[in-house]
Each structure stands twice: as structure tokens, then as C-alpha cells.
1. Tell me, please, whether a residue that is among the small types (G, A, S), assigned to a helix (DSSP H, G or I) and buried (at least 20 other Cβ atoms within 10 Å of the Cβ) can be found in the range 136-152.
2. Considering the range 9-56 alone, what residues qualify as being out of contact with any Phe, Trp or Tyr (no Cβ under 7 Å at 6 or more places or on another chain), closer than 21 Å to P120 by Cα and among the charged types (D, E, K, R)?
3. Which residue is farthest from K150 (Cα to Cα), if the candidates are limited to the range 19-70 and must be modelled with pLDDT of 95 or more and basic (K, R)?
4. What strands (runs of 3 or more DSSP E) completely inside the range 1-79 contain at least 1 residues that are polar (S, T, N, Q) and surrounded by 15 or more Cβ atoms within 10 Å (Cβ to Cβ)?
5. Taking only pairs six or more apart or across chains, which ones have beta-carbon atoms under 9 Å, a first residue in the range 6-29 that is at positive phi and without any contact (Cβ under 8 Å) to a residue 24 or more places away in the chain, and a second residue that is of a type outside the set (K, R) and surrounded by 10 or more Cβ atoms within 10 Å (Cβ to Cβ)?
6. Looking at R122, R154, which one is under 18 Å from Q5 (Cα atoms), over 14 Å from the mean Cα position of the chain (by Cα) and not small (G, A, S)?
7. Collect the residues in the range 81-107 that are assigned to a loop (DSSP other than H, G, I, E, B) and either touching a His at 6+ places or on another chain (Cβ under 7 Å) or at pLDDT 95 or above (or both), keeping them in residue-number order.
Amino acid sequence: MSFPQEKTAALTAFYGPFALRTNGFPTAAWETTNLTSFVAPYPLAAAWDPSIAIKRIRCHRKVEESLRAILEGVKAHYGSIENIRVARMHLTGGVYNFRAISGTSRLSLHSYGAAIDLDPERNPLGKAWDENAGMMPMEVVDIFASAGWKWGGRFNGRKDCMHFQATA
């Protein structure tokens with residue numbers, strides 16, 4: 001699948017316009033129409049508290065198949081749950097979360113359910129990728145890239161190495 005450019009008009013055309021409640025958050029009808037959930041192919045945990053198991057991934061319907069295949073690719077690459085844990089690719093900061101990009105008024109791709117954060121502790125917002133710091137494995141970056149996803153470690157401005165999004 002080919003994903004849209006990261007421009008509001010392109011995102012709205014591809015993912016659909018938001019229907020918002022009076023409090024500024026999406027309506028239940030918008031969420032029901034546009035979001036879906038699936039069981040990850042390997043056990044995930046909340047990055048902020050690894051004792052919290054993430055049972056299902058909630059994402060936009062248009063990225064479900066791609067994201068599922070990506071996580072299957074991560075599982076295949078590492079070969080075992082233990083190796084996934086050692087690489088910290090089971091730690092997620094989340095997928096769907098209606099919010100602005102940190103420090104801006106622009107909506108995050110998480111708002112569309114079209115982004116995922118992995119291992120935020122070792123890949124903090126604003127830190128450029130460093131191969132000697134145990135940051136995002138390039139093999140994982142390549143798995144996402146081969147599915148057409150953009151990696152935050154390659155953003156032109158502020159780096160976001162934990163972040164992957166379904167945009168061109």
C-alpha cells in the first residue's frame with residue numbers, strides 16, 4: 001500500500017476527516033468507522049510499565065494489514081520472544097492516541113491510529129540515532145521501511161527514533 005504525504009490535506013484524503021465531539025476529541029462513531037484492533041503476533045508491554053501486557057493494537061483500518069505484517073517481520077527477524085525482549089521491541093509507547101505532536105499544535109499520526117512508538121526509553125524524542133547507545137535496531141527500521149512506513153529517526157527536524165508512521 002502507498003501511504004500519503006505528511007500534509008493535512010493528504011492525510012485527510014487518505015485517512016478520512018475527523019468527526020469531533022464538543023471537547024475536541026473524535027466521536028465514538030468516527031472511531032468505530034475508522035479504527036480496528038488486532039492481537040499482536042508476539043506479546044507487547046507498555047513501555048512505561050512493562051508489567052502491563054498490551055493485548056490488542058488499536059489502529060486505523062488502512063494500516064492494520066501493514067502493521068500486522070511488520071510485527072510478523074520483527075518476530076521472524078528475532079526468531080523468539082526472548083530475543084524480541086532483549087532487543088526491547090516488545091515495549092510500546094502506543095499506537096492510537098488523539099493528540100498533537102509534542103511541542104506543536106499539529107496532530108500526531110497517532111491521532112489517526114497510523115503510528116507506533118517502540119522502546120521510547122532508549123529512543124527518546126529529540127535524540128539522534130546512535131548505533132552505540134542501544135537505540136532502534138536498523139533491522140527493525142528496514143522492516144518498517146520495506147512496508148512503506150517512515151521512521152522518526154530520519155525526520156528532517158527533531159528526531160523521534162521510537163516513532164514509525166504510515167506516511168510517504
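1. Going residue by residue through the range 136-152, those that are among the small types (G, A, S) are 145-148, 152.
Filter again for assigned to a helix (DSSP H, G or I), leaving 145-146, 152.
Imposing the further condition that a residue be buried (at least 20 other Cβ atoms within 10 Å of the Cβ) reduces the set to 152.
The answer is yes, given that some residue of the range 136-152 is among the small types (G, A, S), assigned to a helix (DSSP H, G or I) and buried (at least 20 other Cβ atoms within 10 Å of the Cβ).
2. Those that are out of contact with any Phe, Trp or Tyr (no Cβ under 7 Å at 6 or more places or on another chain), closer than 21 Å to P120 by Cα and among the charged types (D, E, K, R): D49, K55.
3. Among them, the one singled out is R21.
4. Values: elements: 35-38, 44-46, 49-54, 57-60.
Hits in the range 1-79: 35-38.
5. Qualifying pairs under 9 Å: G16/W30; G16/T33; G16/N34; G16/H60; G16/Y112; G24/F98.
6. Working: R122 fails: under 18 Å from Q5 (Cα atoms).
Being under 18 Å from Q5 (Cα atoms), over 14 Å from the mean Cα position of the chain (by Cα) and not small (G, A, S) holds for just one of R122, R154, which is R154.
7. The initial filter retains those residues of the range 81-107 that are assigned to a loop (DSSP other than H, G, I, E, B), namely 88-90, 95-99, 101-106.
Correct list: R88, M89, H90, V95, Y96, N97, F98, R99.
Each row is one residue, and each column tells you yes or no for (1) free of Cβ contacts under 8 Å to residues at least 40 places away in the same chain; (2) touching a helix residue (DSSP H, G or I) at 6+ places or on another chain (Cβ under 9 Å); (3) farther than 26 Å from S2 by Cβ; (4) not small (G, A, S).
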site	(1), (2), (3), (4)
A47	no, no, yes, no
E72	yes, no, no, yes
I81	yes, yes, yes, yes
Y112	no, yes, no, yes
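The values are calculated or read from the model by the stated rules, or taken from the named source; none is laboratory data. Predicted model, so just to flag it, every value in this text is computed and none were measured. Don't worry about glycine lacking a Cβ; one is built from the backbone with ideal geometry, like all the others, and counts go over all protein chains shown.
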